[in-house]
Structures are given as C-alpha cells and as structure tokens.
Amino acid sequence: MLIAIIALVGGVILLTVCAEIAVTAAERISEHLGISPVIIGALVVGLGTSLPELVVSGIAAAHRDTIDLAVGNVIGSNAANLSLVLGVGAIITSMAGDAAVMRREGVLMLTSTLLFAAFVIDGRLTKVEGTILLVGMAVAALIIARTPGTAKDPPAAGPPPGQSTATIVRAIVGLIGVVIGAQLMVTGAVDIAEEFGASEAFIGLSIVAIGTSLPELATTIISARRGSVDLVIGNVLGSNLFNGLAVAGLAGLVGTGTIDESVTPSLVAMLVVSVFVVGWGVTRHSFDRKVGLFLLVAYGVIIAVGL
C-alpha cells in the first residue's frame, strides 16, 4: 500500500511539471508553423496524452483472457474527457470554439465514437473490427492534417534551427513525462482497488479511465489558465478520436473474449455526452462556466451509472 501511495504522489508531481512543459512547447510550435492550435491540440497533444490509454488497453487486452478492462478504459476515458476534462476547462475559462473546427473535428470524433459503440454493443470486438478501427484512425488523422484553412495566422519568423529542435524535444519529453506520470498513478490506484476486491469492469470504467485521462486533464488546466482555448478543444476531440479508433482497434486486434454486459450503461452514457458536446459546440460554438458545471454533474452521473 505504501508503494502505491508513493506512486500516486510521484505521478501527480511528474504529471503537473511535464504538462506545463508540453503545453508551452505545443504553443510555440503552433506559432512558428502558423498552424491553428486546434490542429496541434488534436494531432500532437491529443494523441500524445492518449498514449496511456493505448498502453494500458493494449497490455490488458494482450495478457488477459478478456478485453473488458480495455473496452471499459476507452468508454470511461472518453466520457471523462468530454465531461470531467472539458467541464473543468470551461469552469476555468469560457471557451469559444470555431464552428468549422467543431463541425470537422467534432463530427470526426462523434463518428469514431459511434463506430466503436456499434462494434462493441454485441459483446465482442473482433480482429476484423479492430483492423477497421485502426484504418479509420489513419484516415481521420490524414483528414485533419490535410484539411485546407488550418493555418490560423501567417507563420511567425522562424527560430534558429537549434531553438526549433529544442522546442520539439521539449514537447516530446513533456508528453513522455505526462505518460509516465499517469502510468504511475494508474498503477498505484489499481493496486489499491484490487486490495479492496474491486471488479475488473469497475476498475476499467472508473479508476483506470480517470487515471489515463489525467494527461488530458493536466494539459487542459494549464492551457485553460493561459487562455489557450483551441488547445483544450483540440486536445479533447483528438484524444477521444484516438481512443475510439486506435486504442479500441489495438485492443480488438490483440485481445480475445467477450465483453461484460455491465459496460452497456456506461457505453450509452458515453454516447449521450458525446452527442451533447458535439451538438452544443456546433450550434452554440462555446462552452461557458454553466455548461462546465453541467458537464461535471454529468460526469458524476456517469460514474454512478457505471457502478
């Protein structure tokens, strides 16, 4: 138990410090390249902060007789990103998103979520379905990267080559640190939960899901405090896109067995919050503090449904 507590505390410290480094580097990359922070948030920060889900779900699916933990992790993480993470960001600062961005990245994220749900609702995730999800991730990333009009401002005067390289290195180191910090926290939390006899489905839907969403939460808090709203939105949408396609796809490709039907209520809750967030973003274009509070309450309901 003591080792688990040490892992939790150490993970919090590492996560906080490295999130600051990663966000700062992402902002500078966006400025130098003249690319919208939403794109950087979706393709760099969003995918980078989803590495814990990929690692945890891949290992769980490959080394256990069931993919419950992996699927529960995707469901719980996506729900946490759209309610807990986005809610916290909206409470820190009112976030006005670009309508075109919400239509593009938001619809891509929602489509990936619906596809994932359609594949797992029957209680199985086959290798063919996993392959389809992975191919879908490659297509989605290509669409985001090649969409016209992603440049927000003309590129800033380029920094010296050494400085540019240092910024990229800081971004990579920051994201790696975020992943390691989150993994330390997840390891400690899972060990504690198993000590108390918690079920695998519960661990996947709650503790592991929350733990693997900590990178998104940490980068969201830092970005929101700085007013980098586009990074927050891009981070959340990109992370969920990656979870629903790459993380679930890998789990289906390497995992076996059926999915416990106990995850169904949480799956439905995830779909509801996904439709709400994308619908609200497309029609209202902003998430203020009232919406943020609503999303936090919704997260509490989602956790209650999953118990």
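The values are calculated or read from the model by the stated rules, or taken from the named source; none is laboratory data. Predicted model only: the values in this text are computed from it and were never measured. Glycine gets a Cβ as well: all are built from the backbone with ideal geometry, and neighbour counts include every protein chain shown.
Just a few scattered comments:
- Checked against the criteria, S266 does not count as more than 12 Å from A117 (Cα to Cα), polar (S, T, N, Q) and assigned to a helix (DSSP H, G or I).
- Tally of residues being of a type in the set (D, E) and either touching a Cys at 6+ places or on another chain (Cβ under 9 Å) or outside any helix (DSSP H, G or I) (or both) across the stretch 222-259: 0
- Any hit, the stretch 79-86, residues being loosely packed, with under 14 Cβ neighbours inside 10 Å and out of contact with any Cys (no Cβ under 8 Å at 6 or more places or on another chain): no
- Qualifying position, being in contact with a strand residue (DSSP E or B) (Cβ under 7 Å, 6 or more places away or on another chain), within 18 Å of L175 (Cβ to Cβ) and at pLDDT 75 or above, among V247, V232, V236: V232
- Taking every residue in the stretch 116-141 that is basic (K, R) and pairing it with any residue that is part of a helix (DSSP H, G or I), at least 6 positions away or on another chain, the pairs with Cβ-Cβ distances below 7 Å are K127/G252; K127/L253.
- Among the residues of the stretch 253-275, those identified as of a type in the set (G, A, S) and closer than 13 Å to D68 by Cβ are G255, G257, S262, S266.
- Flag if T283 is closer than 22 Å to V71 by Cα, in a helix (DSSP H, G or I), out of contact with any helix residue (DSSP H, G or I) (no Cβ under 8 Å at 6 or more places or on another chain) and not small (G, A, S): no
- Note on the stretch 39-116: enclosed helices (runs of 4 or more DSSP H) holding 1 or more residues that are modelled with pLDDT of 85 or more, more than 21 Å from V275 (Cβ to Cβ) and over 16 Å from the mean Cα position of the chain (by Cα) are 86-92.
- Residue list for the stretch 99-129, filter: surrounded by fewer than 21 Cβ atoms within 10 Å (Cβ to Cβ) and within 30 Å of L231 (Cβ to Cβ): A99, A100, R103, R104, V107, T111, L114, L115, A117
- Filter pass, T258 being touching a residue at least 12 places away in the same chain (Cβ under 8 Å) and either among the polar types (S, T, N, Q) or closer than 21 Å to A117 by Cα (or both): yes
- Filtered residues of the stretch 259-301 (kept if surrounded by fewer than 19 Cβ atoms within 10 Å (Cβ to Cβ) and polar (S, T, N, Q)): S262, T264, T283, S286
- Applying a threshold of 6 Å to beta carbon distances and a minimum spacing of six or more residues, or different chains, the list of pairs starting in the stretch 280-296 at a residue that is farther than 15 Å from S83 by Cβ and ending at one that is surrounded by 17 or more Cβ atoms within 10 Å (Cβ to Cβ) reads V282/M102; H285/G97.
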